[in-house]
Amino acid sequence: MFNFDLAPLLDLENFLAATPDNTRKAVSMAMNDVLGGQGLARFRKAVAAEVEFPAGYVDDKITFEQRATPSSLVASVAGRQRPTSLARFATGGAIGGKGGVTVRVKGGAKYMKGAFLVRLNQGAGITDDGFNVGLAVRLKEGQTLNKRDSSRMVQLGGGVVLLYGPSVDQILNNEVADAEAPEVADAIGTEFFRQFARLSA
């Protein structure tokens, strides 16, 4: 999740000093209109382009989390924080097969020689979207998971672990937000001046 605070982006001090009520209303309306519309669409499109998610996958996983109000001129956009099953990115490999799995997360495809797809019972993974296919590997005898790896793995038993990639929220914050936020902020600024002029008329 990341927050939009418009105060540093616009010179609001003079507006607030002269007409505080109209300024606060105009800012909150502009933030909510843009972030809830074209801003949200822009972030979703950018995340979908950054990682090879299936078509439409991120549409309901990036939301307008917190609306601005005249008394709190901060709004936030958030992505789903739970990890994404690597099976979502599988482009080759059969369920139960032993020939390895090809995945395409970002850029070129990667062949995972020791991986295989498994059918899961509901709730067997750490995602919450009902996807019932997982990508797994079998740990070698004596092999254990370190803390970093375990955050993206779930043990099924018998040395078999499910593998996960980054969450939508991680991609939104680490790969997309800084690049897309300036354009969205400019749109909010334009809408602020339109709303301010309308309220002041």
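What follows is calculated from the coordinates using simple rules that are stated; it is not laboratory data. In this text, all values refer to a predicted model and were calculated from it rather than measured experimentally. Every residue, glycine among them, receives a Cβ derived from its backbone with ideal geometry; neighbour counts consider all protein chains shown.
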Query raised in the report: Which Cα, out of Val160, Asn174, Ala187, lies furthest along the positive dipole direction of the range 153-201 (beta carbon charges, K/R +1, D/E -1)?
Result: Ala187
Requested in this report: Any chance you could list P(r) for the range 20-107, counting all Cα-Cα pairs in 10 angstrom bins from zero, rounded to whole %?
Outcome: 15, 34, 23, 15, 8, 4, 1
Query raised in the report: Relative to the present Cα-Cα distance, how much length would full extension add between Arg138 and Ala179 at 0.36 nm per residue of separation?
Result: 10.9 nm
Query - FRET efficiency, 1/(1 + (r/R0)^6) with R0 30 Å, evaluated for Ser72 and Glu52 via beta carbons - result: 0.20
**Report entry** Sequence-distant residues sharing a close amide H with Phe4 (under 5 Å, placed H)
**Finding:** Ala75, Ser76, Val77
Query raised in the report: Of Lys61/Lys113; Lys61/Lys106; Lys45/Lys113; Lys61/Lys140, which pairs sit farther than 29 Å apart, going by alpha carbon to alpha carbon?
Result: Lys61/Lys113; Lys45/Lys113; Lys61/Lys140
Query raised in the report: Distance in nm between label sites at Ala18 and Asn3, each 7 Å beyond Cα in the beta-carbon direction?
Result: 2.8 nm
Report task. For Lys98 and Val160, calculate 0.36 nm times their separation in residues minus their Cα-Cα distance, and state this gained length in nm to one decimal. Result -> 21.0 nm
**Report entry** R0 of 30 Å, Cβ-Cβ distance Ala201-Asp59: FRET efficiency to nearest 0.05
**Finding:** 0.20
